[in-house]
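Down below is the structure, laid out as structure tokens.
The values are calculated or read from the model by the stated rules, or taken from the named source; none is laboratory data. Values in this document were obtained by computation on a predicted structure and should not be read as measured data. Cβ atoms come from the backbone with ideal geometry, glycine included; neighbour counts cover every protein chain shown.
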């Protein structure tokens, strides 16, 4: 994502939308920051509230591609689930 405009910066033609792994990494960082900024002053309370809003706003089920019992790595607004990469252990591949 372009930090100034918010526009998508695609990794590739079909990787220009939602990314489960990148979203997960971002959320881990935000949860870490939420725990670190544990003060009672208004700025830290507001930061934690903003992080909670972002965390609660992630539609993790979206990455199940029509409620399947597996998570998918990518979704594209122009190519849908074309990449079709499942996130699973090697035992179930």
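I'm trying to understand the selection: among the residues of the range 1-19, which are surrounded by 10 or more Cβ atoms within 10 Å (Cβ to Cβ) and farther than 21 Å from residue 87 by Cα?
Matches in the range 1-19: 1, 8.
Check 52, 56, 16, 66 and return the single one that is modelled with pLDDT under 95 and out of contact with any strand residue (DSSP E or B) (no Cβ under 9 Å at 6 or more places or on another chain).
Values: 52 fails: modelled with pLDDT under 95; 56 fails: modelled with pLDDT under 95; 16 fails: out of contact with any strand residue (DSSP E or B) (no Cβ under 9 Å at 6 or more places or on another chain).
Only one candidate qualifies: 66.
Being surrounded by 12 or more Cβ atoms within 10 Å (Cβ to Cβ), farther than 15 Å from residue 81 by Cβ and over 18 Å from the mean Cα position of the chain (by Cα) is the requirement here; does residue 47 meet it?
Considered against the rule, which asks whether it is surrounded by 12 or more Cβ atoms within 10 Å (Cβ to Cβ), farther than 15 Å from residue 81 by Cβ and over 18 Å from the mean Cα position of the chain (by Cα), residue 47 comes out as yes.
Just the residues that are assigned to a loop (DSSP other than H, G, I, E, B) and within 28 Å of residue 16 (Cβ to Cβ), please, taken from the range 27-79.
58, 59, 65, 66, 67, 68, 69, 70, 73, 77, 78, 79
Using beta carbons and a limit of 7 Å, which pairs, at least six apart or on different chains, have the first residue in the range 20-41 and under 29 Å from residue 83 (Cα atoms) and the second one modelled with pLDDT under 95 and in a helix (DSSP H, G or I)?
That search, which allows pairs on different chains as well, returns 20/63.
With the checklist (1) loosely packed, with under 10 Cβ neighbours inside 10 Å; (2) in contact with a helix residue (DSSP H, G or I) (Cβ under 8 Å, 6 or more places away or on another chain) in hand, flag the one item residue 55 doesn't pass.
(1)
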